[in-house]
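Asks: Take this structure, written in structure tokens, and hold onto it; I'll ask about it next.
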Amino acid sequence: VGLQEVDSMCNRSGNIDQMKELAAITGMHYAFVRHFAYDGGAYGLGILSKYPIGKVENKRISILPKDEKKPSLAFLTAEIALPRNRKLLFGSVHYSLNVPSRLKQTEEVLQAVGSSDIPVILTGDLNANPDSKEILNLGNYFTETGASNRFTFPVKKPTKKIDYIMVSNSHLDKVVRSVVSNDIHLSDHLPLTSVVRLKN
């Protein structure tokens, strides 16, 4: 599970470590990295996994125009240990609202994971429509698992798709199904779920 806009010990959310709490509730492994310090704690990205999490990295992606106080955002990647000694690289990312940033961020994401020899799953709020250049550029390496007409934002009467689950092209065998859950309103976005089959 890839999560964006996660609080850790922030005043606004009751000084709770949200990823630790979610892991306790679900019985899953978790990872968290911060974009930056915020409201007495940290604001960032999270991953929940049924399988053990190995190496966790906070790869940084640029914000344009440059801002000395907030020069970059996080790009969380974690190695997931699957059964039978297999691994995959799972990512959670949250793109910026402006096009120049998103194009640069796409370039940096592809640089960060494009040479991976294990399957890569990228999840995120990319703040971009499926026909945008930044999403098309990601398509050179990834296959989007959800339909372009399954809108995810806003949560009530959604009008656009800006949330994605992507799998590295060379490792994807088949998208079994992809679902947007219109009845779950725990965020300002609707949750997106995909079931995929990877190549052996």
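The values are calculated or read from the model by the stated rules, or taken from the named source; none is laboratory data. Model, not experiment: these values are computed from the prediction. No Cβ is skipped: glycine too gets one built from the backbone with ideal geometry, and neighbour counts run over all protein chains shown. Remember, those area values only see protein heavy atoms, side chains included, never the ligands or the DNA or RNA. Shrake-Rupley method; radii C 1.70, N 1.55, O 1.52, S 1.80 Å.
Asks: What pairs come up if the first residue lies in the stretch 95-106 and is without any contact (Cβ under 8 Å) to a residue 40 or more places away in the chain and part of a helix (DSSP H, G or I), the second is open to solvent by 20 Å² or more (accessible area, probe 1.4 Å) and of a type in the set (Val, Ile, Thr), and their beta carbons are under 6 Å apart, counting only those six or more places apart or on different chains?
Replies: Ser101/Ile63
Asks: Next question. Can you pull out every residue in the stretch 29-39 that is buried (at least 16 other Cβ atoms within 10 Å of the Cβ), touching a strand residue (DSSP E or B) at 6+ places or on another chain (Cβ under 7 Å) and touching a residue at least 24 places away in the same chain (Cβ under 8 Å)? Write out each step before concluding.
Replies: Residues of the stretch 29-39 buried (at least 16 other Cβ atoms within 10 Å of the Cβ): 29-35, 38.
The next check asks that each one be touching a strand residue (DSSP E or B) at 6+ places or on another chain (Cβ under 7 Å); those that pass are 29-35.
His29, Ala31, Phe32, Val33, Arg34, His35 - these are the residues of the stretch 29-39 that are buried (at least 16 other Cβ atoms within 10 Å of the Cβ), touching a strand residue (DSSP E or B) at 6+ places or on another chain (Cβ under 7 Å) and touching a residue at least 24 places away in the same chain (Cβ under 8 Å).
Asks: Within the stretch 147-200, how many residues are of a type in the set (Asp, Glu) and without any contact (Cβ under 8 Å) to a residue 12 or more places away in the chain?
Replies: Let us first name the residues in the stretch 147-200 that are of a type in the set (Asp, Glu), namely 163, 173, 183, 188.
Adding the requirement that they be without any contact (Cβ under 8 Å) to a residue 12 or more places away in the chain leaves 183.
Of the residues in the stretch 147-200, 1 are of a type in the set (Asp, Glu) and without any contact (Cβ under 8 Å) to a residue 12 or more places away in the chain.
Asks: Report yes if some residue within the stretch 61-73 is on the phi > 0 side of the Ramachandran plot and open to solvent by 40 Å² or more (accessible area, probe 1.4 Å); otherwise report no.
Replies: First, the residues of the stretch 61-73 that are on the phi > 0 side of the Ramachandran plot: none.
No: the stretch 61-73 contains no residue that is on the phi > 0 side of the Ramachandran plot and open to solvent by 40 Å² or more (accessible area, probe 1.4 Å).
Asks: Turning to a different aspect of this structure: Just checking: which of the strands (runs of 3 or more DSSP E) contained wholly in the stretch 137-200 hold 3 or more residues that are open to solvent by 70 Å² or more (accessible area, probe 1.4 Å) and modelled with pLDDT of 95 or more? Spell out how you get there, then give the answer.
Replies: Working: elements: 142-144, 163-168, 172-180, 192-198.
Once the strands (runs of 3 or more DSSP E) in the stretch 137-200 are filtered for at least 3 residues that are open to solvent by 70 Å² or more (accessible area, probe 1.4 Å) and modelled with pLDDT of 95 or more, what remains is 172-180.
Asks: Let me ask another. Looking at the stretch 136-160 only, could you name the residues that are within 13 Å of Ser181 (Cα to Cα) and basic (Lys, Arg)?
Replies: At the first step, the residues of the stretch 136-160 found to be within 13 Å of Ser181 (Cα to Cα) are 146, 150-158.
Answer for the stretch 136-160, where residues must be within 13 Å of Ser181 (Cα to Cα) and basic (Lys, Arg): Arg150, Lys156, Lys157.
Asks: Tyr95: touching a Gly at 6+ places or on another chain (Cβ under 6 Å), at pLDDT 95 or above, among the aromatic types (Phe, Trp, Tyr) and closer than 24 Å to Lys55 by Cα, yes or no?
Replies: Numbers: touching a Gly at 6+ places or on another chain (Cβ under 6 Å): no; at pLDDT 95 or above: yes; among the aromatic types (Phe, Trp, Tyr): yes; closer than 24 Å to Lys55 by Cα: yes.
Considered against the rule, which asks whether it is touching a Gly at 6+ places or on another chain (Cβ under 6 Å), at pLDDT 95 or above, among the aromatic types (Phe, Trp, Tyr) and closer than 24 Å to Lys55 by Cα, Tyr95 comes out as no.
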